[in-house]
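The block underneath contains the structure these notes are about, expressed in structure tokens.
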Amino acid sequence: MSATLLVPAEMVPYLRQGLHFKLGNAADAISEVVVQLDSVRGTGWYREPLERFDRLRVLLDHIGWEETGSPVEVHVDLREHRHAVLEALCVQVLVSEDELRESARVDAERAAAGEPPSHEATTRRVRALREWVTAVEAQANTVD
């Protein structure tokens, strides 16, 4: 299978949002090292969080840090960006599942108020994301 991942235009925002979230996590990990500097010596403690931060940042540089105009598909080399892609998409699946639960709750309230439901659209969007993530994981597992 190809090492080049085609990220469809409609999936780029999910990837970007997940990367931003994980970038924040990596920055927090770097901050934790700074707080512990009195008890920890050496640059080795920075290595893992800095490497993770850099992996995420490089992919954001590649796909764009923010949406500019209409989304466009992007090509991502999984040999270089596999871990960052999978980390970001894992977060987005969790976020989407939370949105799905929330939309079911909101729809119950909307139904009581006589308003139209939105849960079906959320369900379709989450299903599409899950299916795409499954395909990405399968492709990523074939890349050395």
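Laboratory data are not the source of any read-out in this text; all were calculated from the coordinates shown. Owing to the predicted nature of the structure, the values given are computational and were not obtained by experimental measurement. For neighbour counting, all protein chains shown are included, and Cβ atoms are generated from backbone atoms with ideal geometry for every residue, glycine included.
Placing +1 on each Lys and Arg Cβ and -1 on each Asp and Glu Cβ, with no other charges, gives region 1-83 a dipole about its Cα centre of roughly 240 debye. With neighbours defined as other Cβ atoms within 10 Å of a residue's Cβ, the residues Val143, Val12, Val85 order from fewest to most as Val143, Val12, Val85.
Only the Cβ atoms of Lys and Arg (+1) and of Asp and Glu (-1) were treated as charged; on that basis the dipole of the chain about its Cα centre amounts to roughly 180 debye. The modelled label-to-label distance for the pair Val35/Arg57, using points 7 Å beyond Cα in the direction of Cβ, is 2.1 nm. Tell me the label-point distance for the pair Thr4, Ser118, using the 7 Å Cα-to-Cβ offset, in nm and rounded to one decimal. Inter-label distance under the simple model: 3.8 nm.
log10 I(q)/I(0), Debye, Cα-only the chain, no solvent, q = 0.14, 0.18, 0.22 Å⁻¹? Summing over Cα pairs of the chain leads to -0.76, -1.03, -1.28.
Within region 29-114, the GluC sites (Glu not before Pro) that combine a DSSP coil assignment with at most 10 other C-beta atoms in a 10 angstrom radius are Glu66.
For Asp77, the residues whose amide H sits under 5 Å from its own are Leu5, ignoring neighbours fewer than 5 places away on the same chain, with H placed 1.01 Å from N.
Listing Asp107, Asp98 from fewest to most neighbouring C-beta atoms within 10 Å gives Asp98, Asp107. Annotation for region 95-144 versus region 44-61: alpha-carbon center distance of 29 Å.
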